[in-house]
Structures are given as C-alpha cells and as structure tokens.
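Colleague: One structure, as structure tokens, below. Some questions next.
Derivation of every value follows stated rules applied to the coordinates shown; laboratory data play no part. This structure is a prediction, so every number in the text was calculated from the model and none was measured. Note: ideal-geometry Cβ built from the backbone for every residue, glycine included; neighbour counts use all protein chains shown.
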Amino acid sequence: MFIADIQMHSDLLINYHKLRQECPEITADLRPSSISGLLQNNYHGVLRSRDDAGSRVLIYRIGQWNPKEFTAYEVFRVSLITSELIVQEWETQRNGLKAIFDLQDWCFAHALQINPSLAKKISSVLTDSFPLKVRGIHLINEPIFFRPVFAMIRPFLPDKIKQRIHMHGSSYAQSLCDYFPKAILPPEYGGTGPSIDEVCQDWTEYIMQSEDYLYRLSLDLGGGDIESSKS
Ligand SMILES: Cc1c(C)c2c(c(C)c1O)CC[C@@](C)(CCC[C@H](C)CCC[C@H](C)CCCC(C)C)O2
C-alpha cells in the first residue's frame, strides 16, 4: 500500500460525507417514495446483464422527467439511490458502471434547473465523492441547447473522465453497439435485449423493495432532517 492510495481513499470518504451533509435536498432521505413519480414514469432503469467488461449499465431518459413536477435535486436523488444499491455488488465495485443519458426532449425548463452549484455536484460524484468507478458516459439525442449545460459541468472534470464521455447524437443506434453488446441493449437503443419499459419497471420494483435499506442508510449517515440514530 502506498501513502498516495491511502490519501486518495480517505479523501473519497471525506468527500462522500461532505456531499451528504452539504446537500440534504438530495441526500437527507433516500426513501424512494419521494421520487416514485419519476420511477413510475420509466425515467430510469439498470440493464439486467452487465457489459463485456462486467460493468453495470444504467439508462436515464430525460424526456420522462417533467421539470414542473420534479426538481433537479430529486432527479439527482434517483441516481444516488441506484448508486447506493449497486455499490454493494462486488462485481460493480470491481468493474464500475456505464451510464447512457437519453436527452431526447431536453428543453429549456430542464436547462434552467442546472445551476453552477449543481453542476459542481454532478462533476464531484463523477470524480471524487462516490466510491464507484465511472467507466463511460454516453449521451444520446443531445440537442444543441444542451451544450451550455455541459459547458458548466465540463471544466470541473479531470481528463480521465472527459475522455470517457461520448456524444452520439441521433445516430446512436449504430454507435452505441460499438460500446455495448447488442444482446443487452433494449430494442429502443439498437439492441435485442428486453424493452426499455421492462428494464425500468424491473429496476423500479427492486428500488421499491430496498426502501428499508435506503431509509436506514439515511439514518446512519444523518444528512439533515432525519434524526441521527443513536441506539
Ligand atoms: C455516483 C454517481 C451519481 C450520483 C451520478 C451519476 C454517476 C455516473 C455516478 O457514478 C450520473 C448522474 C448523476 C451525476 C446525477 C445527475 C442528475 C441531473 C439532475 C441530471 C440532469 C441531466 C444531466 C445534466 C445530464 C448530463 C450528465 C452527465 C454529463 C453526467 O449522478
């Protein structure tokens, strides 16, 4: 073990707790009931099968997020919930994750929700405040006016992460298959796997079943409104 490694790991731990303390809007209560509307709308799913590298593959569909109904903080909470669940899996600890963001129907109302402080939090979880290896970020259907938002996040990202971000535009059905096996991708994304609706419904069910675990996590980490459990 090298001193540099120990330093890196303790920074990660410190940053993880800092995120939980500084941003209770996202982290105070990880029970999925507060964001069940997003989940029921099939905003998010995790593919049943891993990719060839053993990474978990997560899909987010921005078009399923109604910005009048849910804030960006609540949308962020969905990612945190999934992250807390998959970080328990040893294969994910070892092989990390890849995320596909479908930005179809990204509009001005979404862009307005992403302020510089949130942009910083997004880059911070990708970089050094959550113990998951981010092995790839794939943006598809990104419209022109997503660029100013990405320009807010980008400067905070280290080169290592920047290099793992891929923009596919609208011809993603071809190019996603260069990164993921066809057999695991839903047909909506150019694959032959289960449909995106099935993927989202299965993962929603899993999140809902994990409600108790997520609640206990909120208590143990004591971020905000919920009383710390001192038993
Ligand atoms: C541990 C972990 C977390 C917690 C996480 C993500 C990943 C890959 C993680 O490993 C990705 C999504 C994110 C950063 C939450 C994002 C929530 C916002 C409100 C979504 C809006 C849409 C973004 C403007 C789209 C672009 C984002 C990429 C450049 C990451 O949460």
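Colleague: Take every DSSP beta bridge whose two residues both sit in the chain, then give the antiparallel share in percent to the nearest 5.
Modeller: 15 percent
Colleague: Could you compute the FRET efficiency for MET167 and ASP105, with r as their C-beta to C-beta distance and R0 at 25 Å, rounded to 0.05?
Modeller: Here the calculated transfer efficiency is 0.90.
Colleague: Kirkwood Rh over alpha-carbon pairs of the range 23-230, then Stokes-Einstein at 20 °C and 1.002 mPa s: what D in µm² s⁻¹, rounded to an integer?
Modeller: 122 µm²/s
Colleague: Next question, about the same structure. Taking R0 as 41 Å, what FRET efficiency do you get between ILE3 and TYR73 from their Cβ-Cβ distance, rounded to the nearest 0.05?
Modeller: Here the calculated transfer efficiency is 0.65.
Colleague: Figure the gain on full extension for TYR213 and ASP197 (residue separation times 0.36 nm, minus the Cα-Cα span) and round it to one decimal in nm.
Modeller: Stretched out fully, the TYR213 to ASP197 stretch lengthens by 3.3 nm.
Colleague: Under a straight-distance cross-link criterion of Cα-Cα below 17 Å, which lysines are reachable from LYS18, leaving out those fewer than 8 residues away in the same chain?
Modeller: LYS18 reaches LYS120, LYS121.
Colleague: Between MET208, SER124, GLN104, whose Cα lies farthest towards the positive end of the dipole of the range 94-231 when Lys and Arg beta carbons carry +1 and Asp and Glu beta carbons carry -1, centred on the Cα centre?
Modeller: Looking along the dipole axis, the top candidate is SER124.
Colleague: Related question: Work out how far the C-alpha atoms of the range 1-108 reach from end to end along every principal axis, then list the three figures in whole Å, largest first.
Modeller: 48, 37, 26
Colleague: Shifting gears a bit: Run through the range 57-86 and list the trypsin sites (Lys or Arg not before Pro) located in a DSSP loop whose Cβ has at most 14 other Cβ atoms within 10 Å.
Modeller: Loop-located and lightly packed - LYS68.
Colleague: Right, next: HN-Hα J couplings of the range 142-157 from phi, Karplus 6.51/-1.76/1.60, θ = phi - 60°, integer Hz, Gly and Pro as x?
Modeller: Karplus-based 3J(HN,Hα) across the range 142-157 equals 6, x, 3, 7, 7, 4, x, 6, 5, 5, 6, 7, 3, x, 7, 8 Hz.
Colleague: Can you tell me how the range 74-153 classifies by the Cα gyration tensor, rounded, prolate or oblate, using a/c under 1.5 as the rounded cut?
Modeller: Cα axes put the range 74-153 in the prolate bin.
Colleague: While we're looking at this one, here's another question. Along the range 165-171, what does the Karplus equation 6.51 cos²θ - 1.76 cosθ + 1.60 (θ = phi - 60°) give for ³J(HN,Hα), rounded to whole Hz, x for Gly and Pro?
Modeller: Per residue, the Karplus-derived 3J(HN,Hα) values read 9, 10, 9, 9, x, 9, 9 Hz.
Colleague: Could you check the spin-label model distance between VAL87 and LYS133? Points 7 Å from the Cα along Cα→Cβ, value in nm.
Modeller: In this crude label model, VAL87 to LYS133 measures out at 1.6 nm.
Colleague: Separation of the range 148-227 and the range 43-96 by C-alpha centroid, Å?
Modeller: 4 Å
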